[in-house]
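The values are calculated or read from the model by the stated rules, or taken from the named source; none is laboratory data. Computed from a predicted structure; not experimentally measured. Using ideal geometry, Cβ is built from the backbone for each residue, glycine included, and neighbour counts are taken over all protein chains shown. Calculation scope for accessible area: heavy atoms of the full protein, side chains included, ligands and nucleic acids excluded. Shrake-Rupley method; radii C 1.70, N 1.55, O 1.52, S 1.80 Å.
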Amino acid sequence: MPFDLNRRKVLKYTGAATGIAALAGCLGGDDDDDDDTDDDVGNGEDDEARPIDEERVEVDYDDIVEGGTLYTGLSANPPNWDPPQIGDTTSNMVSGAMIYEGLLTTDFEGEIHPWLATDWEEIETQDITEADYEDYMSEVPEDEEEMPPDILMGPTEDGLILTTDDAADAVDDGLFGVGYEFDIREGVEFHNGDTLTAEHFVQSYDRWIGANRWGVEMVPWYLDARATGDYTLELYGQLPDADFFRSISLAVFPEEHWDMEPGAISPIEDETPIGTGVWEFEDFQDEEFVTLTRNDDHWFDPDEYEGPVPDGFPAQPPLETIEYEIIPDDSSRAAALQDDIIHHTAGVASDTLSDYHASEDFRVSAVTSGGYLFFEYPNQQEPWDDPRMCRGVNHMIPRPQIVNTVFDGWQTEAAFPLSPTSSHEGTHDYEAMEDELGDYNEYDPERGAELVEEVFEDYDIEAPFETRIITNSDNDDRVQSVGLIQEVMNQSGLFEVEVETYEWGRFAGEMLVSGDLWEENQIIVVGLSSGWSPDGYARSVSHPDNQGGACCNHTHYENDTVTQLIDDARYGPDVIGEEGLDTRRDRYEDLWRELMEDPPVSWISFGVEDDIVNENVVKGWNAYPFNSSKYSASLFSPTAGQVVWTEGEDE
């Protein structure tokens, strides 16, 4: 169903953007302080006043009101509905994490729980490497057109590849890195009425194997899956993998979608996304709205569920409908919230977020996220191939000013590459690592200039050295951050920095995905969202497997020590499970030290996952640390005891 503008008076909406200038006054913010903001505070408030990582709002399940619609504002149009091809958070917010489900679920603390799998048992974990598969590999065909689509490994230097058939032979002979047997939940139905079985997972993993998003394989861990009964699944990984359970919970598809090419499921192409999820697709108008409705036949029963569920938790979401209104402009989206057209949104400009925080009628829920802003050096070009150059410029990044002025206190300075949200497996003591490595990221332009001058002398470079910074134009906070960095670098007298900005589609599509940025003398500023595992904070930007493409070693950084530490911290029996946790932490701490000494990027700040709700209407909302699951986790998460409902809507 379309978004009902009649109930909100369309003229009020069309005037929303023009009224945003007065938003601070309407919400109770103090305009008088804005012009006098210094480097240590944002919008006249101490950054301690920001409600980041506060205690979650407790939900009294007796207060829940059944029925109702959540009216929410999205900042972007979902470009993809088919999970193997989803590479953006917006598409996950409306499809990947909402309509679909996988074997497992994760709560607000990163703990893993049963979901479509009710139980599992280890088959075996073996200490093997990729080299152990060579006897099962096939030769690369001479004709490229005959290259099989289901390649899991290779091509190697010897021209060998491992296909799914090769992998099945290896598993038959007992060769695999890790294997588990899963009991699949009985009685689960897809939105089209089909009954879920183990075979659905086998066929769904086959769909994921065929996906190659911007040159990045979607299931690099996968080896083989086989249904050994209607509700028994064996799943195998290539290597002994500490992140196996964080990797396997991929969307499962109904039989009618098994043979579709990745990306083919889209309402634009009249191919409705069909999953088993709590929410099901209802309607979509490109660039205008998305409507999801509650799946009243969902399998969840709090009395039968195997995982932890608080007493009194409901069997289904109280909400019946989610109406996403697509409003890309931050100011218009914020004003739509103020004018009671929508009751929830996120991702507005930082100063606007502060204004809403100061209002009595709205509540901001905010947690430190796994997202980070980073500064990517052209380290294959002289003089950037000298780590002193990158460390020197790193000291010229005014992190305090960026965090407290540009982001108005709604970010956290990055002392080293790991967000505190994902720190459990990545360090023994997060604060101790901040103390140890914090000097590398300290804002100290004089110290930075000394390092750069050493490099210039060694390379016989005469200042000012010309370079440029590129970023996307449709993120105001990011553009302002780049402007501050440019100013500091130019003021040093050592650089002449030019800034170029591009609309996101061109920036991501033509520049990041092209894979040739590493050949240019330019610095890339972009953001990236990681997950609960520390692996993503290093592998994405510094592992050679991710060179080129969209994510995210765009500049072809390569350091053999870094690569080995990344792999050793994830792969091997000695880093798996609780018994391997200390060893894994040791290796990550060594990795952070190496990355700060020879940095591929500068980690500038860690973001905040924020949500603004009309407190008179939306009840129980708590922000989730990773925005791909912004709606799915906050609206209905039994293992976290998290549920949202609405009251007092103006029907």
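Computed values, structure above
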{"quantity": "Checklist (1) among the polar types (S, T, N, Q); (2) within 30 Å of residue 337 (Cα to Cα); (3) crowded, with 23+ Cβ neighbours inside 10 Å applied to residue 405, failing item", "calculated": "(3)"}
{"quantity": "Counted residues, segment 217-262 - those being open to solvent by 50 Å² or more (accessible area, probe 1.4 Å), touching a residue at least 12 places away in the same chain (Cβ under 8 Å) and acidic (Asp, Glu)", "calculated": "4"}
{"quantity": "Among (1) under 20 Å from residue 603 (Cα atoms); (2) at pLDDT 95 or above; (3) open to solvent by less than 40 Å² (accessible area, probe 1.4 Å), the one test that residue 436 misses", "calculated": "(3)"}
{"quantity": "The lone exception for residue 360 - which of (1) within 24 Å of residue 623 (Cβ to Cβ); (2) in contact with a helix residue (DSSP H, G or I) (Cβ under 8 Å, 6 or more places away or on another chain); (3) of a type outside the set (Lys, Arg); (4) at pLDDT below 95 it fails", "calculated": "(2)"}
{"quantity": "Filtered residues of segment 354-366 (kept if surrounded by fewer than 24 Cβ atoms within 10 Å (Cβ to Cβ) and out of contact with any Lys or Arg (no Cβ under 9 Å at 6 or more places or on another chain))", "calculated": "358, 359, 360, 361, 362, 363"}
{"quantity": "Breaking point among (1) at pLDDT below 95; (2) open to solvent by 40 Å² or more (accessible area, probe 1.4 Å), for residue 466", "calculated": "(1)"}
{"quantity": "Residue in segment 490-507 that is on the phi > 0 side of the Ramachandran plot, surrounded by fewer than 22 Cβ atoms within 10 Å (Cβ to Cβ) and modelled with pLDDT of 95 or more present", "calculated": "yes"}
{"quantity": "Lone unmet requirement of (1) in contact with a Gly (Cβ under 7 Å, 6 or more places away or on another chain); (2) open to solvent by less than 20 Å² (accessible area, probe 1.4 Å) for residue 531", "calculated": "(2)"}
{"quantity": "Given (1) more than 30 Å from residue 429 (Cβ to Cβ); (2) at pLDDT 90 or above; (3) open to solvent by 20 Å² or more (accessible area, probe 1.4 Å); (4) not acidic (Asp, Glu), number of the condition residue 523 does not satisfy", "calculated": "(3)"}
{"quantity": "Contacts under 6 angstrom Cβ, first residue in segment 156-176 being at positive phi, partner in a loop (DSSP other than H, G, I, E, B) and open to solvent by 30 Å² or more (accessible area, probe 1.4 Å), 6 or more apart", "calculated": "159/140"}
{"quantity": "Residue 612 being outside any helix (DSSP H, G or I), within 18 Å of the chain's Cα centre (by Cα) and among the β-branched types (Val, Ile, Thr)", "calculated": "no"}
{"quantity": "Any hit, segment 551-559, residues being open to solvent by 40 Å² or more (accessible area, probe 1.4 Å), assigned to a helix (DSSP H, G or I) and over 12 Å from residue 243 (Cα atoms)", "calculated": "no"}
{"quantity": "Residue under evaluation residue 471, criteria (1) in a helix (DSSP H, G or I); (2) buried (at least 20 other Cβ atoms within 10 Å of the Cβ); (3) within 34 Å of the chain's Cα centre (by Cα), criterion not met", "calculated": "(1)"}
{"quantity": "Top-ranked residue of segment 594-633 - restricted to ones that are of a type in the set (Gly, Ala, Ser) and in contact with an Asp or Glu (Cβ under 7 Å, 6 or more places away or on another chain), ranked as nearest to residue 546 (Cα to Cα)", "calculated": "605"}
{"quantity": "Looking only at segment 242-271, and only at residues there that are outside any helix (DSSP H, G or I) and more than 18 Å from residue 201 (Cβ to Cβ), the one that is farthest from the chain's Cα centre (by Cα)", "calculated": "270"}
{"quantity": "Strands (runs of 3 or more DSSP E) wholly inside segment 91-205 that include at least 2 residues being open to solvent by 20 Å² or more (accessible area, probe 1.4 Å)", "calculated": "104-106, 112-114, 117-125, 151-153, 178-184"}
{"quantity": "Subset tally (residues that are touching a residue at least 40 places away in the same chain (Cβ under 8 Å) and either part of a strand (DSSP E or B) or among the hydroxyl-bearing types (Ser, Thr, Tyr) (or both)) for segment 560-578", "calculated": "1"}
{"quantity": "Matching entry among 317, 383, 387, 328 (being under 25 Å from the mean Cα position of the chain (by Cα) and either at pLDDT 95 or above or charged (D, E, K, R) (or both))", "calculated": "317"}
{"quantity": "Check on residue 73, of a type in the set (Gly, Ala, Ser), touching a strand residue (DSSP E or B) at 6+ places or on another chain (Cβ under 8 Å) and at pLDDT 95 or above", "calculated": "yes"}
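Conditions (1) over 30 Å from residue 583 (Cα atoms); (2) acidic (Asp, Glu); (3) touching a residue at least 12 places away in the same chain (Cβ under 8 Å); (4) in contact with a Cys (Cβ under 7 Å, 6 or more places away or on another chain), marked per residue:
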residue	(1), (2), (3), (4)
428	no, no, yes, no
449	yes, no, yes, no
457	yes, yes, no, no
465	yes, no, yes, no
468	yes, no, yes, no
471	yes, no, yes, no
477	yes, yes, yes, no
487	yes, yes, no, no
506	yes, no, no, no
